[in-house]
Amino acid sequence: MSRKTRRQIILIIILIAAAAAAAMFLMHKIAEDRHIEGAESTAGEAESTSEEASEEAAQKQAEEEAREQERLNKIAEEKAQWYLILVNNQNAMPDDFDIETVEVEDGYYIDERVCDALQEMLADCRDAGYSPRLISTFRTRETQQYLYDHTANKSDTAVPGHSEHECGLAADIVDAGSLGWADPLIDEQEDMPAQKWLMEHCQDYGFILRYPKDKEDITEIIYEPWHYRYVGKEHAAVIQGNGICLEEYLENMQDYYQAQ
Ligand SMILES: [Zn+2]
């Protein structure tokens, strides 16, 4: 082998080695790039997943807020219904409050929308063996004025224009056995059999015992275990069931009322 040939062979070997080294470097570089790309796309996916999740959460929250708003609207609508009207010392009966009265029995009149419920309650109480007796239902402004003027204790009788009796939504009912008392409108009325039945069942007919014991500070009316007020079955059940008065219920209705 000539010297020239040997040199040529060595040169070829060097070239092949260089080509191999270059190829290896290239392959390594490609692999590295791919790895980085892969990592990037994983991060991208993670980013879009968390974006979706927060979008979903925001949508859920918006839906919940819309639902709550709808519920509050329904409560406001319900509060404006005639059967939930609040009439007390602070809230006068509105001048435009519309009443059509009909006779319940014995010359006692009440709002025609309440009459059936009251008659049914009295009939069922009688069927159960008791003797309820109406002693006051709808009162004109003049009657309320007369009662107010002649009452010794002003917290016994609502100020004229502020009585549920004038709204035609209330009934004072006593046990017939107490009619001989000097005054049947006393705390002991609660112990009379008809009264016990009424206090237990009134909500089934849409009535509440409007001036409960221990709520005088709120209602500003003495305990009256005879004064029943119509509010509708749904509300009566919640009010009686929670042992609250109408003022408390209307003030915090969103905590109690499950709008349908
Ligand atoms: Zn009354």
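The values are calculated or read from the model by the stated rules, or taken from the named source; none is laboratory data. Bear in mind the structure is a predicted one, so any value in this text is a computation, not a measurement. We place every Cβ from the backbone using ideal geometry, glycine too, and count neighbours over all the protein chains shown.
The rows are residues; the columns are (1) modelled with pLDDT of 95 or more; (2) surrounded by fewer than 20 Cβ atoms within 10 Å (Cβ to Cβ); (3) outside any loop (DSSP other than H, G, I, E, B).
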{"residue": "92", "(1), (2), (3)": "yes, yes, no"}
{"residue": "96", "(1), (2), (3)": "no, yes, no"}
{"residue": "116", "(1), (2), (3)": "yes, yes, yes"}
{"residue": "159", "(1), (2), (3)": "no, yes, no"}
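Tally time: how many residues in region 98-114 are at pLDDT below 95 and not aliphatic (A, V, I, L, M)? If you could, list the steps in order and put the result at the bottom.
Taking region 98-114 first, the residues at pLDDT below 95 are 98-99.
Among the residues that remain, those that are also not aliphatic (A, V, I, L, M) are: 98.
Residues in region 98-114 being at pLDDT below 95 and not aliphatic (A, V, I, L, M): 1 in total.
Within the bounds of region 40-62, is there any residue that is outside the structural domain of residue 173 (by TED's automatic domain parsing), more than 16 Å from the ligand (Cβ to nearest atom) and of a type in the set (Lys, Arg)? Lay out the reasoning, then the answer.
Step one: list which residues in region 40-62 are outside the structural domain of residue 173 (by TED's automatic domain parsing), which gives 40-62.
Applying the additional criterion that residues be more than 16 Å from the ligand (Cβ to nearest atom) yields 40-62.
Then drop every residue that is not of a type in the set (Lys, Arg), which leaves 60.
Within region 40-62 (the criterion being outside the structural domain of residue 173 (by TED's automatic domain parsing), more than 16 Å from the ligand (Cβ to nearest atom) and of a type in the set (Lys, Arg)), the answer is yes, since at least one residue qualifies.
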Among the numbered criteria (1) out of contact with any helix residue (DSSP H, G or I) (no Cβ under 7 Å at 6 or more places or on another chain); (2) outside any helix (DSSP H, G or I), which single criterion is violated by residue 155? (2)
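Residue by residue, here is whether (1) touching a strand residue (DSSP E or B) at 6+ places or on another chain (Cβ under 8 Å); (2) within 27 Å of residue 241 (Cβ to Cβ) holds:
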residue: 143; (1), (2): no, no
residue: 147; (1), (2): no, no
residue: 170; (1), (2): yes, yes
residue: 174; (1), (2): yes, yes
residue: 187; (1), (2): no, yes
residue: 192; (1), (2): yes, yes
residue: 208; (1), (2): yes, yes
Kindly indicate which of 167, 125 is touching a residue at least 40 places away in the same chain (Cβ under 8 Å), hydrophobic (A, V, I, L, M, F, W, C), within 12 Å of the ligand (Cβ to nearest atom) and surrounded by 17 or more Cβ atoms within 10 Å (Cβ to Cβ). 167
So residue 155 clears everything in (1) away from the ligand (no atom under 15 Å from the Cβ); (2) out of contact with any strand residue (DSSP E or B) (no Cβ under 8 Å at 6 or more places or on another chain); (3) touching a residue at least 60 places away in the same chain (Cβ under 8 Å) except one condition, right? Which one? (1)
Please work out which one of (1) over 17 Å from residue 119 (Cα atoms); (2) in contact (Cβ under 8 Å) with a residue 40 or more places away in the chain; (3) more than 10 Å from the ligand (Cβ to nearest atom); (4) within 32 Å of the chain's Cα centre (by Cα) is the condition residue 160 fails and give its number. (2)
As an exercise: evaluate residue 67 against (1) more than 19 Å from residue 209 (Cβ to Cβ); (2) surrounded by 19 or more Cβ atoms within 10 Å (Cβ to Cβ) and give the number of the one condition it does not meet. (2)
